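This report refers to the structure that appears directly beneath it.
Taken together, the values in this text are just the output of simple stated rules run on the coordinates, not laboratory data. Not measured: the values here are computed from a predicted model. No Cβ is skipped: glycine too gets one built from the backbone with ideal geometry, and neighbour counts run over all protein chains shown.
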């Protein structure tokens, strides 16, 4: 997936009724996040792009509302930090669950080996 800035910001980032807009053709998708337009080429289908854009837009708007920050770069950095934190927490949970499953599979395998002897 590649990203290009469309370069058109419209209005107040906190005042948009249409928070996330995704339109496109077969090879180019226009996404509006936090009232800024971006174009994406290739990669996932438009529905997946819509979900990603909506998630980021909502995250940025929530941070802007909580912090009363209007600087879109600061809001984007804080949103990125929040998303990275979520990612690392989920990754740690996944790794712990994987390790637990591997231990249970190993224990079951040992029991089966003993039964087959």
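Tabulated values for the structure
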| read-out | value |
| --- | --- |
| Cα gyration tensor, segment 23-117 - rounded (a/c under 1.5), prolate or oblate | oblate |
| Rounded if a/c under 1.5, otherwise prolate or oblate - segment 72-117, Cα gyration tensor axes | prolate |
| Burial order of peptide ranges 49-61, 83-95 (average beta-carbon count within 10 Å, highest first) | 49-61, 83-95 |
| Two-site FRET efficiency, residue 88 against residue 47, from Cβ-Cβ distance with R₀ of 25 Å, rounded to 0.05 | 0.40 |
| Cβ-based exposure ranking for 106, 72, in which fewest neighbours within 10 Å come first | 106, 72 |
